[in-house]
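The values are calculated or read from the model by the stated rules, or taken from the named source; none is laboratory data. Everything numeric in this text was worked out from a predicted model, so none of it was measured. No Cβ is skipped: glycine too gets one built from the backbone with ideal geometry, and neighbour counts run over all protein chains shown.
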């Protein structure tokens, strides 16, 4: 019962009933990535979508699949292996809301407080 209610209302944690029905009716499975996310497209290839394995987190999409999802390449990574360029950094998941989140020097949560600003001019005083 809980699974039915979850699929009916909770879109951020897996697929909803609408997505399940649309995928069943029009979706063609293209493949899965190493994290277990499954990728689909319509028969004509105009619409592409994925079903997350776990919580919906956009930063969890691997670079090869990201290019396919956004129609930058026509061949999915299951048919043509994706090789990263030497200048590409390794994938890091979104750290927002965690202890590893980026905190700039001016943030009140930063461990390195922002240095006190020093004036870069001297105020003029009349004689």
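At-a-glance table
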{"quantity": "Failed criterion for residue 43 (all others in (1) in a loop (DSSP other than H, G, I, E, B); (2) within 15 Å of the chain's Cα centre (by Cα) hold)", "calculated": "(2)"}
{"quantity": "Single residue of 122, 34, 88, 127 found to be loosely packed, with under 10 Cβ neighbours inside 10 Å, touching a helix residue (DSSP H, G or I) at 6+ places or on another chain (Cβ under 9 Å), at pLDDT below 90 and in a loop (DSSP other than H, G, I, E, B)", "calculated": "88"}
{"quantity": "Failed criterion for residue 67 (all others in (1) within 24 Å of residue 18 (Cβ to Cβ); (2) not in a loop (DSSP other than H, G, I, E, B) hold)", "calculated": "(1)"}
{"quantity": "Subset of segment 59-81 that is exposed (fewer than 14 other Cβ atoms within 10 Å of the Cβ) and touching a helix residue (DSSP H, G or I) at 6+ places or on another chain (Cβ under 9 Å) - its residue that is modelled with the lowest pLDDT", "calculated": "81"}
{"quantity": "Residue in segment 92-107 that is on the phi < 0 side of the Ramachandran plot and in contact with a helix residue (DSSP H, G or I) (Cβ under 7 Å, 6 or more places away or on another chain) present", "calculated": "yes"}
